[in-house]
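Visitor: To start, I am sharing the structure in question, which I have written as structure tokens.
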Amino acid sequence: MNHLLLIIRHPSPASLDDMPALVSRLWSRKGYVAMTVFGYIFTSRQSDADYLNNYYGALKNHEMIHLRQAQSTHNSWVLFYLRYFWFSVLACRYFRKQRNAVYYLNPFEIEAYTMMHDLSYLDHCREHGAQGWRLYARMSLKERMEHIHRLGIGTPR
């Protein structure tokens with residue numbers, strides 16, 4: 001119930017400089033370490049939450065890129081998640097060719113995976129949010145598939 005209240009009373013993306021990591025098995029998907037939900041990072045283990053709260057590395061950067069992406073979608077978590085869902089629906093037709101295609105072909109995830117190791121990336125995104133996802137959204141699904149294979153993310157079936 002406490003997690004539901006956090007989501008209902010979510011802060012706008014622009015009002016956040018950081019996102020706290022919380023432990024929740026409800027919001028943690030199998031096979032993923034962390035998940036951003038309305039300004040919070042959810043993970044299934046306390047050790048992962050402690051790591052995310054105390055150390056700024058590639059994983060924290062990946063999740064913070066999602067915050068900046070929400071800022072770039074009219075500073076709205078709802079619009080961010082509606083677009084995220086729409087991109088996921090479009091990627092469904094590649095599900096048989098690419099394991100987790102719905103996730104990995106999503107332009108928001110492509111930008112986050114592409115830039116997660118560049119810890120200075122978010123310094124350039126402060127004013128207008130992360131905009132790189134727009135480039136990937138203009139690519140065809142085939143081009144996105146080729147791009148994620150070049151990056152080495154996702155696992156072909």
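Visitor: Between His117 and Gln46, 0.36 nm times their residue separation minus their Cα-Cα distance comes to what?
Guide: Fully extending the segment from His117 to Gln46 adds 23.2 nm.
Visitor: Something else now. Beta carbons within 10 angstrom, averaged per residue: use that to sort the peptides 105-113, 53-61, highest first.
Guide: Taking the mean over residues of other Cβ atoms within 10 Å, the ranking is 105-113, 53-61.
Visitor: For a quick check: with amide H placed at 1.01 Å from N, whose amide H comes under 5 Å from Leu22's, ignoring anything fewer than 5 positions away on the same chain?
Guide: Hits under the 5 Å cutoff: Ile41, Phe42, Thr43.
Visitor: Between Tyr55 and Leu135, what is the label-to-label distance in nm when each label sits 7 Å out along the Cα-to-Cβ direction?
Guide: 2.9 nm
Visitor: For Asp17, put the label point 7 Å out on the Cα→Cβ axis and report which residues of segment 123-147 keep their amide N under 15 Å from it.
Guide: 123, 126-127
Values in this text are rule-based calculations from the coordinates and carry no lab data. Predicted model only: the values in this text are computed from it and were never measured. Note that we place each Cβ from the backbone using ideal geometry, even for glycine, and neighbour counts take in every protein chain shown.
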